[in-house]
Amino acid sequence: MLAVQVLINALVLGCLYACIAIGFSLVWGVLNVINLIHGSFIVLGAYLAWGAYQWLAISPWYALVIAAPLFFVFGYLLQRLLLNRVITAPVLVTLTLTFGLDLILNNAMIYYFKADYRKLTLSPPTGSISLFDVVVPVDRLIATASALVLTGLLYLLLRRSKVGRAIVAVRLDRDAAVLMGVDVKSIYAIAFGLGAALAGCAGVLMALIFPISPLTSSAYLGKAFVVCVLGGLGSVSGALAGGLLLALVEGVGSTLIGPAHATTLSFVLLIIFLVVRPQGLLGRKGFE
Amino acid sequence: MTRVNLALLILIACVASLPLFGGAYALRIGTIACMYAIFALSWNVVGGFAGYPSFATAAFFGFGAYATGILLNKSVPLSVAVIGSLVMCFLLAAALGAVLLRLRGHYFAIASLSLVEVFRELVNNATDLTGGGMGLNIPLASGSGILADATFFFYAMWGLLLITAVVVIIVSASKLGFGLNCIRQNETASDMVGLNSTLYKSVAFGLSACFVGAAGGIYAAWVHYIDPSDVFDILYSVKPIVMALMGGLGSPLGVVCGAFVYLGLEEVVWRNYIQIHSGVLGVLIIMLLLFLPHGLISLRSGMFWRKAKHV
């Protein structure tokens, strides 16, 4: 029964990991920028959900709907006004720029919300489902389902809409996309906005499950790194595969050798993957 | 010896006269200035010469600090412990470099970043050896008085800076430096003409790690207490990059100037805006990247030195 429980936990956590990483992966794949502010976006989303519930009594499901457009606009403007100026510069410059932005946002959050850990507690509590000996909390289940819906929406957007196809085209071959009449600058901004929106929504979902603090942003960022490298860049299915694999390795690892080593294990896995299979599990060029 | 390198050595020599002018505070600032300059010079070997965006500085700083701390606790003399950490860091980094430097661009950046995480978690979990999250106490070296101690550690760090600068200058003028330059400009082409790029990159990574490790060792002995979240702070990886960008990528004089200017700014910001210091640092980084992308050295009038070589 323990094995089944570990598997179920990994499945639930894996979808959430995928949701954390997918916006990061989109930005990395399309803009070729490692977006270090991603972790802070997630935490900001979590605070949004917490504040909306605490002060305005807005349930997290509605917060999800509010967070998406807000973060999209925020990300869009950030890219247009700042990142776009250095988008052609080497890795080091864009990476350092997003690091600077992250410092500002994180410091602002510490300043306004303090570094205390907070928790969004739904009332009445949602309880948990137990089937035989396997127990799954309902809030986790709902968050996982929402994460899957979000990933599905992104998949549909990239697959069906005109903007989505343009994003995929830019990711595959920027120069060819320019020749086909795609406005690359606006696509970059839209992709970054989408990444931010996904991060914000992921944050709202995280608020349901994990404690909220500005200090947790680097942990989220670390997960996003690992998932991206494991699954492969810029693809929806890659992020899902990476998220599930990471959750599985962490779950099995912490059961067998103790939870203290779970993070080490995931980063060792990351380095091994980088060296042996840098294109990731489902590494292909472009989206499916 | 070019005029730029001569200017660098003169600058470092000037720093040595610092104890004449100030008390314990000046010595503390001076020690940190030397440490930052070591970071920036070391990072410059792999980041500026070879063009690999390394975020591994904090990993080797922490490794050196812990290696020295553990050796000192086993009552090994300080000099032996620091030299031991230097050698260990060189070998470890060269071995890791041979594997990790096969990656390019973003992938290398991520791998070096996760090196810091792996080292921190390993130290955190090896409680028997390192004390884990409780940190590691390091015995007092001499106990000959606060000011004498501060002066000793200042000169220790300064001496290490001098050695680092001399080694970096020798490297930049040698075949190794030339090879690293080729790798930065076009690695495939330099492979084609028969350059052993793996060896060159490994040696460069080793060199960029060993002095940082030794600085970590001196730092550990200086502050007497280290813990994983302090010495494996990711900011130690980012600061050298900011310094190098501030001073001018690739030029040894530029990065050392960048380190001193950065420390000055950091000190002012810390003193005046303690609550928002990291936010102000972020603003500085962004302004720097947007408005001064080639560093302070690009402001020169051309009167004092010739065109910087590696920009």
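The values are calculated or read from the model by the stated rules, or taken from the named source; none is laboratory data. Everything numeric here is computed off the predicted structure, so don't read it as measured data. Glycine also receives a Cβ, built like all others from the backbone with ideal geometry; neighbour counts cover every protein chain displayed.
Annotations
- For A:Arg140: the one exception among (1) surrounded by 14 or more Cβ atoms within 10 Å (Cβ to Cβ); (2) among the charged types (D, E, K, R); (3) at pLDDT 85 or above: (3)
- Hits in the range A:103-132 - residues which are aliphatic (A, V, I, L, M) and either within 14 Å of chain B (Cβ to nearest Cβ) or in a loop (DSSP other than H, G, I, E, B) (or both): A:Leu103, A:Ile104, A:Leu105, A:Ala108, A:Met109, A:Ile110, A:Ala115, A:Leu120, A:Leu122
- The range A:181-285 holds helices (runs of 4 or more DSSP H) entirely within its bounds, and those carrying 2 or more residues that are over 25 Å from A:Ile37 (Cβ atoms) and within 14 Å of chain B (Cβ to nearest Cβ) map to A:236-257, A:262-276.
- Residue list for the range A:1-45, restricted to those being among the hydroxyl-bearing types (Ser, Thr, Tyr) and within 14 Å of chain B (Cβ to nearest Cβ): A:Ser25, A:Ser40
- Being of a type outside the set (A, V, I, L, M, F, W, C), closer than 24 Å to B:Gly159 by Cα and in contact with a Leu (Cβ under 8 Å, 6 or more places away or on another chain) is a property that B:Gly250 lacks.
- Test result for A:Phe113, surrounded by 13 or more Cβ atoms within 10 Å (Cβ to Cβ) and in contact with a strand residue (DSSP E or B) (Cβ under 9 Å, 6 or more places away or on another chain): yes
- Flag if B:Asp227 is touching a residue at least 24 places away in the same chain (Cβ under 8 Å) and out of contact with any strand residue (DSSP E or B) (no Cβ under 9 Å at 6 or more places or on another chain): no
- From B:Ser197, B:Ser208, B:Ser202, residue being of a type in the set (S, T, N, Q) and surrounded by 22 or more Cβ atoms within 10 Å (Cβ to Cβ): B:Ser208
- Restricting attention to the range A:76-102 and to residues that are hydroxyl-bearing (Ser, Thr, Tyr) and in a helix (DSSP H, G or I), the residue that is farthest from the other protein chains (Cβ to nearest Cβ) turns out to be A:Tyr76.
- Matching residues, the range B:118-163, being among the polar types (S, T, N, Q), touching a residue at least 60 places away in the same chain (Cβ under 8 Å) and within 14 Å of another protein chain (Cβ to nearest Cβ): B:Asn124, B:Thr130
- Flag for A:Leu48 being within 14 Å of chain B (Cβ to nearest Cβ) and buried (at least 18 other Cβ atoms within 10 Å of the Cβ): no
- Members of the range A:133-151 found to be more than 15 Å from A:Gly14 (Cβ to Cβ) and assigned to a helix (DSSP H, G or I), listed by number: A:Val138, A:Asp139, A:Ile142, A:Val149
- Identity of the residue in the range B:219-278, of a type in the set (Phe, Trp, Tyr) and in a helix (DSSP H, G or I), that ends up farthest from B:Ile163 (Cα to Cα): B:Trp270
- Only one of A:Val135, A:Val73 that is in contact with a Ser or Thr (Cβ under 7 Å, 6 or more places away or on another chain), more than 14 Å from every other protein chain (Cβ to nearest Cβ) and in contact (Cβ under 8 Å) with a residue 24 or more places away in the chain: A:Val135
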